[in-house]
Amino acid sequence: MKKLPALFLSALLIPAFASSAKHHEKKEKSDPSIPPVVTPGVHGTPDKAGTPPSDAIVLFDGKNFDQWESGKGGEVKWKLVDGAMEVVRGSGSIRTKEKLGYGQYHVEWRTPEVVKGSGQGRGNSGFFPLGGPEVQVLDSYENSTYSHGQAGAIYNRYPPLVNACRAPGVWQSYDVIVHAPIQDEAGKYLRKSAYTVLHNGVLIQDNMEVGGSLGKTGHLALQDHGNPVRYRNVWFRPYQDPIPMKRK
Ligand code: MG
């Protein structure tokens, strides 16, 4: 067959596309699947804390402990230093006053600049969303310890995929996505509650199952493991996986 000239083909196709686009645009106005607009924040740097996206629930903005209490309830005994929360040895873990749910948790953290101790004794703290297992906070920069105990490990369960740890005294970040469990109509788990973790923007845990259900809400807790680790720019964005599609 003789080929049609390209120009002729475009003339035929453009009106078809235009009409399809118009149809979609009309539909758009009442379409609930159109994503809401979010103004992104700015990533933290070693010198400056990041800022949260516009739809985040801000848990710590560098000013006070208003959103926090001791792990057993009552006043926080940690220190505020240069816009960060610093662990005070022996004062116990702290937790958010509010119970939060499934979604995206963000935190910046920094292990002490002056290195003391080794292995698990070096810059140890921890991040516990929804009362679930610990995402380990540790100075894992040229510091050997067991794999499921290093920074970004889901403690005692899963080592991180890679070691993306920055040097002691340099600010780092975690984004922890806590996924709700997915069950079929009979209640059988298709996937249990799971964590996905990015360390300094690097994927280190991908949808790792951590339990049947973490409870739909729970406090976010930060661990006192005896080392003066600091935290800043802590925020949360509620998110629930879309209703599961039927899987075969
Ligand atoms: Mg720990």
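Taking the conditions exactly as written (within 16 Å of the ligand (Cβ to nearest atom), under 26 Å from residue 233 (Cα atoms) and surrounded by fewer than 20 Cβ atoms within 10 Å (Cβ to Cβ)), does residue 172 satisfy them or not? Lay out the reasoning, then the answer.
Numbers: within 16 Å of the ligand (Cβ to nearest atom): yes; under 26 Å from residue 233 (Cα atoms): yes; surrounded by fewer than 20 Cβ atoms within 10 Å (Cβ to Cβ): no.
Criteria not met by residue 172.
Can you find even one residue in the range 70-78 that is in contact with a Lys or Arg (Cβ under 7 Å, 6 or more places away or on another chain) and farther than 15 Å from residue 110 by Cα?
Start the filter on the range 70-78 by keeping residues that are in contact with a Lys or Arg (Cβ under 7 Å, 6 or more places away or on another chain), which leaves 70-71.
Now restrict to residues that are farther than 15 Å from residue 110 by Cα: 70-71.
Yes: the range 70-78 contains one or more residues that are in contact with a Lys or Arg (Cβ under 7 Å, 6 or more places away or on another chain) and farther than 15 Å from residue 110 by Cα.
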* To do: With respect to residue 174, determine if the residue is at pLDDT 95 or above and within 21 Å of residue 100 (Cβ to Cβ).
  => yes
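Could you tell me whether residue 91 is in the same structural domain as residue 171 (by TED's automatic domain parsing), surrounded by 17 or more Cβ atoms within 10 Å (Cβ to Cβ), touching a residue at least 24 places away in the same chain (Cβ under 8 Å) and not hydrophobic (A, V, I, L, M, F, W, C)?
Numbers: in the same structural domain as residue 171 (by TED's automatic domain parsing): yes; surrounded by 17 or more Cβ atoms within 10 Å (Cβ to Cβ): no; touching a residue at least 24 places away in the same chain (Cβ under 8 Å): yes; not hydrophobic (A, V, I, L, M, F, W, C): yes.
For residue 91, the condition - in the same structural domain as residue 171 (by TED's automatic domain parsing), surrounded by 17 or more Cβ atoms within 10 Å (Cβ to Cβ), touching a residue at least 24 places away in the same chain (Cβ under 8 Å) and not hydrophobic (A, V, I, L, M, F, W, C) - is not met.
Take residue 51 and decide whether it is more than 15 Å from the ligand (Cβ to nearest atom), among the hydroxyl-bearing types (Ser, Thr, Tyr), in a loop (DSSP other than H, G, I, E, B) and within 16 Å of the chain's Cα centre (by Cα).
Details: more than 15 Å from the ligand (Cβ to nearest atom): yes; among the hydroxyl-bearing types (Ser, Thr, Tyr): yes; in a loop (DSSP other than H, G, I, E, B): yes; within 16 Å of the chain's Cα centre (by Cα): yes.
The answer is yes for residue 51.
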* To do: Could you grab me the full set of residues in the range 98-123 that are more than 19 Å from the chain's Cα centre (by Cα) and not acidic (Asp, Glu)?
  => 112, 114, 115, 116, 117, 118, 119, 120, 121, 122, 123
* Residue that is modelled with the highest pLDDT [pool: residues in the range 39-74 that are in contact with an Asp or Glu (Cβ under 7 Å, 6 or more places away or on another chain) and farther than 20 Å from residue 100 by Cβ] -> 49
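The values are calculated or read from the model by the stated rules, or taken from the named source; none is laboratory data. Note that this is a predicted model, so its numbers are computed, not measured. Note that each Cβ is placed from the backbone with ideal geometry, even for glycine, and that neighbours are counted across all protein chains shown.
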